[in-house]
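Below you'll find the structure, written out as structure tokens, and then a few comments.
Where a number appears in this text, it was derived from the coordinates with a stated rule and is not lab data. Computed from a predicted model, the values in this text were never measured in an experiment. Virtual Cβ from ideal backbone geometry, glycine too; neighbours counted across all protein chains shown.
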Amino acid sequence: MKYSHANRLGIFICHCGVNISSTVDIETVKKALTGYPGVSLITDHTYTCSNPGQDMIRNKIREEELDSVVIAACSPSLHENTFRKTLEEAGINPYKLEIANIREQCSWVHSDRKVATEKAISIIKAAVSKALLNEPLTPISVPVTRKALVVGGGIAGIQASLNIANSGYKVILVEKEPSIGGKMAQLSETFPTLDCSQCILTHRMVEVERHPNINLMVSSEVTRISGFVGNFEVTIRKKKTYVNAEKCNGCGICIEKCPRKTDSEFDRALSKRKVIYRPFPQAVPNIPVIDGEHCLYLLKGRCGVCRDVCGPGAIEFEQEERFVKEKVGAIVIATGYETFPIENIPEYGGGTIPDVIDGLAFERILSASGPTGGEIRRPSDGKVPKEVAFIQCVCSRDPEKYFSYCSKVCCMYTSKHAMLYKHRVKDGQPYVFYIDIRAGGKGYEEFYQRASEEDEVLYIRGKVSRLYREDGKIVVEGTDTLLQENVAVRVDMVVLATAIRPSQDVSRIAQLLKASVDENGFFTEAHPKLRPVESMTAGVFLAGCAQAPRDIPDTVSGASAAALMVCNLFASEELKHEPTIAGVDEDVCSGCGICIGVCPYEARELDREKRVATVNEVLCEGCGACTAACPSGAAVQRNFTDKQISSMIKAILA
Amino acid sequence: MAGKPKVAFYWCAGCGGCEEAIVDLAEDLLQVANEVDIVFWPVAMDFKKEDVETFKDGEIAVSFINGAIRTEEHNEMSFLLRKKSRLVVAFGSCAHLGGIPGLANLSDREELFLRLYGRQEGIENPDNVVPKTRVERREGIITLPGVNEEVRALNQIIDVDYYIPGCAPPPNLVKDAIKTILSGELPPEGSILAPDKTLCDECPRRESKPEKIFLKEIKRISLVDVPQDRCFLAEGVFCMGPVTRKGCGERCLGANMPCRGCFGPSSYVTDQGSKFLSAVSSILETDDEEEAARLSSTVLDPAGLFYMFSLPSSLGAVFKDRKNPNILKGSF
Ligand SMILES: Cc1cc2nc3c(=O)[nH]c(=O)nc-3n(C[C@H](O)[C@H](O)[C@H](O)COP(=O)(O)OP(=O)(O)OC[C@H]3O[C@@H](n4cnc5c(N)ncnc54)[C@H](O)[C@@H]3O)c2cc1C
Ligand code: SF4
Ligand code: SF4
């Protein structure tokens with residue numbers, strides 16, 4: 001059905017139950033707008049967004065042959081899309097709709113019925129004058145590259161990659177370290193079920209490696225990202241590992257024969273590894289890498305034993321770094337976290353007392369594959385510590401000196417640590433210093449209770465005020481805020497639950513992606529409740545601790561949600577892009593160039609030949625910066641023209 | 001009353017440059033003079049107001065009025081010419097937009113008088129005597145036209161049919177405009193008889209523009225050397241070219257001076273000054289508010305710069321007029 005009548009506009013006023021009608025007198029509004037220029041119908045409904053409400057709108061559009069519609073209801077951020085569809089179903093262009101927000105901007109913020117009613121009338125008049133000038137628009141179609149980039153191969157990146165790949169789409173998983181697995185690979189057992197971390201993780205790592213849809217790129221980093229949702233172009237730097245992964249069969253003879261050792265990062269420097277190494281035995285891929293900073297051959301030209309012993313000749317000292325360009329349609333950020341370095345916390349003996357370690361180091365001590373084979377021995381002399389203090393909230397919840405946020409996982413892993421310690425050192429005594437216990441989560445409170453009751457962990461509520469060495473012991477002083485008295489415990493080892501903070505590479509990644517991060521460096525979600533896995537940049541999704549401190553269950557469910565969003569995006573061959581974007585009137589534009597640098601999305605370009613600015617319709621997000629900047633009046637914002645805005649102002653002031 | 005069309009020229013508050021622009025037509029002027037009957041042109045010919053009054057309403061084909069509306073005499077003559085003419089053309093920036101005299105609106109009338117007749121260097125006027133509209137002397141009564149509260153553009157007191165912009169309008173534009181009007185093939189009413197793109201479009205310096213223009217510093221033209229072929233704005237010197245209608249012949253740019261905006265904005269822009277302000281504030285190269293404030297404070301006379309020619313017809317002035325019905329069109 002096509003309507004050619006000019007200006008047949010209908011107004012639909014919503015009561016929103018009583019949300020609007022209790023403060024705005026609908027009858028008065030209807031009277032005031034009857035006969036308003038251009039208006040040919042005005043009616044109301046208790047819930048315009050309900051099915052009967054929408055039926056009514058559709059019927060009226062057809063019966064009255066309306067060509068544009070004003071719906072006076074709640075904020076357009078809620079139902080604009082609903083109503084656009086309604087218009088489309090009734091046969092008129094969805095962009096001939098205007099929402100007059102008389103709820104958030106009127107009924108909810110006023111109590112005086114008279115004032116609110118008058119204001120509602122003004123708001124609707126303004127919407128009418130804009131609606132009369134709305135052009136019919138068609139969404140812009142953009143092709144989608146159905147391949148995803150996942151940055152970071154911790155459990156978040158692994159989960160997201162597997163979910164996307166299992167849905168039939170290609171994935172490039174980029175991990176900066178030689179193996180995927182992230183922090184979860186370092187953990188011993190996991191709260192609250194105490195299942196072995198590696199046992200539940202490694203088969204997924206292997207699945208990633210074997211998956212035909214996943215292109216795993218380790219020892220790699222993303223260096224450039226351009227483009228936009230559905231059409232990103234990324235450059236990935238493959239760092240030098242000096243081992244040709246194609247030739248290597250993973251036999252490991254090189255590692256065995258390498259004469260030089262250095263601290264193992266994976267074991268948090270509690271053990272040594274060879275210079276040609278895999279971070280841990282179950283590393284995926286199973287290909288060793290050479291640590292160029294310590295390799296005798298690379299540093300001094302001596303040795304080269306690995307090359308000599310390697311059967312397939314996979315060692316390539318002359319290897320160069322490589323840059324790979326890929327096109328992807330969506331990006332998942334799963335760059336995870338770091339723990340705050342204990343060297344930066346001297347007040348807790350960090351960096352000076354060898355038996356003060358952080359939680360991840362203790363995970364390694366607990367781990368059967370760790371430096372002590374799972375026996376609890378302290379770093380300084382290998383003795384079994386008979387008393388251990390665990391300190392929670394180190395640098396977290398400390399806005400004066402460090403970070404104001406809660407690191408979320410420390411309460412639970414400290415319970416786990418104390419409990420596992422007690423399981424292994426039967427006559428040992430664990431103490432936990434805490435502010436309060438946050439055990440919200442399935443089975444978490446029970447887990448904490450078990451630690452404090454069954455495993456006789458001594459919980460001391462209070463912050464540590466001083467920590468020092470005395471007679472071979474470490475003295476931890478604090479105030480027990482429950483007993484209101486000072487306490488001092490003399491222990492053999494201290495484990496600090498240091499703050500979780502974003503991977504330090506994050507600001508670079510955020511810049512590459514034009515995605516925003518919060519004041520602590522964690523990626524910001526588009527909406528904290530309703531769009532929790534989308535970033536502020538279309539087509540870029542968030543997973544795991546890159547977004548906020550969280551435990552494995554939350555990481556995995558978030559990663560699956562992010563994967564689902566990616567699959568959603570890939571479900572169609574093209575994307576629809578909002579058409580309410582900027583345009584250039586070429587008859588007016590003088591090519592002054594002012595708008596070009598103003599555009600935050602790099603959507604504008606100067607065509608020097610034609611002497612006009614052009615707009616890349618796909619890149620344009622319709623922010624309006626160019627329209628405000630354009631000095632000649634050539635830049636227009638579709639359906640937000642100067643003429644529309646001034647007619648709205650006139651309608652309000654009239 | 002057949003014969004050649006009757007044409008009138010009149011000047012209000014202007015500098016004489018617009019009259020000069022007509023004389024500048026040189027031999028073309030003679031040709032025009034041949035085709036028309038100049039019935040009123042105070043600067044060149046000895047006709048009086050009374051002569052104009054004898055015409056029938058609409059008898060004059062076209063009146064070209066230049067200069068801003070400053071005094072009661074300007075009101076009176078404009079009303080009279082409007083009545084007697086079929087077409088009225090606002091000639092030059094002052095009649096078109098209020099022009100440089102319009103900057104007087106930044107002060108009120110009394111302040112202006114005191115400044116002009118009292119506090120001026122070299123003037124001794126301890127009693128603060130200011131001009132009066134009526135003085136009685138032994139010789140008789142002397143009257144002077146009153147000075148209006150504010151300066152106006154011509155279309156703010158009478159209906160104007162066409163505009164020839166410029167300070168002063170360049171001869172070729174004047175010639176074309178006169179030809180068009182006399183040809184009888186009239187452009188839409190209210191047209192500005194100049195191209196409707198802004199100056200950058202035909203600026204000889206345009207090729208030097210970088211891909212993106214940002215302002216790190218705002219430089220004053222008197223203190224820097226801008227090479228003849230460089231875009232002023234890109235060099236950090238405010239140039240009103242982006243917000244000013246083209247057609248001027250780029251005389252200022254040729255003299256290595258940035259555009260000051262005398263042609264007014266394109267027809268798509270209402271307020272030239274605020275448009276320029278919003279354009280340049282968009283390209284200040286800083287996200288820091290303090291730095292932006294520092295940069296802005298280096299513009300010494302923003303109103304004088306952004307509204308050099310258009311203050312009386314700026315949005316603010318027009319809005320003020322609306323609230324004050326006494327200064328609405330024709331009600332002086
Ligand atoms: C001491 C301790 C004990 C814990 N115990 C438990 C527990 O028992 N149970 C539980 O549920 N949770 C536990 N957690 C929390 C758990 O570690 C996290 O929830 C989980 O590891 C988060 O996974 P992730 O993938 O988001 O981050 P990560 O594991 O940090 O993975 C991020 C990956 O991204 C890579 N990366 C980073 N930047 C880049 C880049 N720019 N380019 C490419 N790759 C990059 C990293 O190398 C890493 O492989 C514990 C945490 C700590 C500190
Ligand atoms: S700012 Fe306006 S006139 Fe200048 S190039 Fe951009 S669109 Fe054209
Ligand atoms: S800003 Fe001025 S100097 Fe630069 S191109 Fe435009 S008119 Fe020419």
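For the range A:87-150, the ratio of Cα radius of gyration to the globular rule of thumb 2.2 N^0.38 Å stands at 1.73. Only one residue of A:V174, B:V226, A:Y601 has its Cα farthest out toward the positive end of the dipole of the protein assembly as shown, where Lys and Arg carry +1 and Asp and Glu -1 on Cβ, and that residue is A:V174. Note on the protein assembly as shown: with charges restricted to the Cβ of Lys and Arg (+1) and Asp and Glu (-1), its dipole about the Cα centre is near 1660 debye. A cut-off under 14 angstrom between Cβ atoms defines the neighbours of A:E89, and their net charge, with Lys, Arg +1 and Asp, Glu -1, is +4. Gyration tensor over the Cα atoms of the range A:149-190: the corresponding equivalent ellipsoid has semi-axes (square roots of 5 times the eigenvalues, largest first) of 20, 12, 6 Å. Placing unit charges on the Cβ atoms of the charged side chains and taking the dipole of the protein assembly as shown about its Cα centre, the candidate lying farthest along the positive direction among A:V584, A:A160, B:T244 is A:A160.
For the range A:1-92, the fraction of C-alpha pairs farther apart than 21 angstrom is 28 percent. I want to verify the translational diffusion coefficient of the range A:520-654 in µm²/s; compute it with Stokes-Einstein, Rh as the Kirkwood radius over Cα pairs, at 10 °C and 1.306 mPa s. Using the Kirkwood radius from Cα pairs, D works out to 90 µm²/s.
Taking label positions 7 Å along the Cα-Cβ direction at both A:E293 and A:D381, the computed distance is 3.2 nm, reported to one decimal. In this simple spin-label approximation, A:S22 and B:L114 carry label points 7 Å from Cα along the Cα→Cβ vector, and these lie 5.9 nm apart.
Considering only A:P288, A:S369, A:P312, and ranking their Cα positions along the charge dipole of the range A:288-380 that arises from unit charges at the beta-carbon of Lys, Arg, Asp and Glu, the one farthest toward the positive end is A:P312. Taking only the alpha carbons of the range B:135-203, we obtain Rg and Dmax values of 19.2, 63 Å in that order. With neighbours defined as other Cβ atoms within 10 Å of a residue's Cβ, the residues B:L81, B:L106 order from fewest to most as B:L106, B:L81. Our analysis of the range A:31-70 gives Rg over Rh at 0.98, with the two radii drawn from alpha carbon positions and Rh computed by the Kirkwood formula. For the range A:546-642, a crude dipole built from +1 on the beta carbon of Lys and Arg and -1 on the beta carbon of Asp and Glu, taken about the Cα centre, is about 160 debye to the nearest 20. Averaged over peptide B:278-285, the number of partner chain Cβ atoms lying within 10 Å of each residue's Cβ comes to 5.
Here chain B is assigned +1 on the Cβ of each Lys and Arg and -1 on the Cβ of each Asp and Glu. Its dipole about the Cα centre then comes out at about 440 debye.
With neighbour counts taken as other beta-carbon atoms within 10 Å, the residues A:R438, A:R113 rank, fewest first, as A:R113, A:R438. The Cα-based radius of gyration and maximum Cα-Cα distance (Dmax) for the range A:338-501 are 14.6, 43 Å. Convex hull of alpha carbon positions in chain B: directionally averaged projected area 21.3 nm².
How high is the relative contact order of chain A, in percent, with contacts defined as C-alpha pairs under 8 Å that are six or more residues apart? Write out the running numbers ahead of the final one.
Working: 1422 pairs, mean separation 84.5, N = 654.
Relative CO of chain A lands at 13 percent.
Ordered by the number of other Cβ atoms lying within 10 Å of each residue's own Cβ, fewest first, A:V384, A:V598 fall into the sequence A:V384, A:V598. Calculated on the Cα set of the protein assembly as shown, radius of gyration then Dmax: 39.2, 127 Å.
Take A:V487, project a point 7 Å from its Cα along the Cβ direction, then tell me which residues of the range A:341-355 have their backbone nitrogen under 16 Å from it. So the set is empty, nothing qualifies.
In terms of the mean number of neighbouring beta-carbon atoms within 10 Å, the peptides A:131-141, B:91-101, A:626-636 order highest first as B:91-101, A:626-636, A:131-141. Other residues with beta-carbon under 14 Å from the beta-carbon of B:P204 carry, at +1 per Lys or Arg and -1 per Asp or Glu, a net charge of +2. Exactly which GluC sites (Glu not before Pro) in the range B:132-181 are in a DSSP loop and have at most 11 other Cβ atoms within 10 Å? Filter output for the range B:132-181: B:E139.
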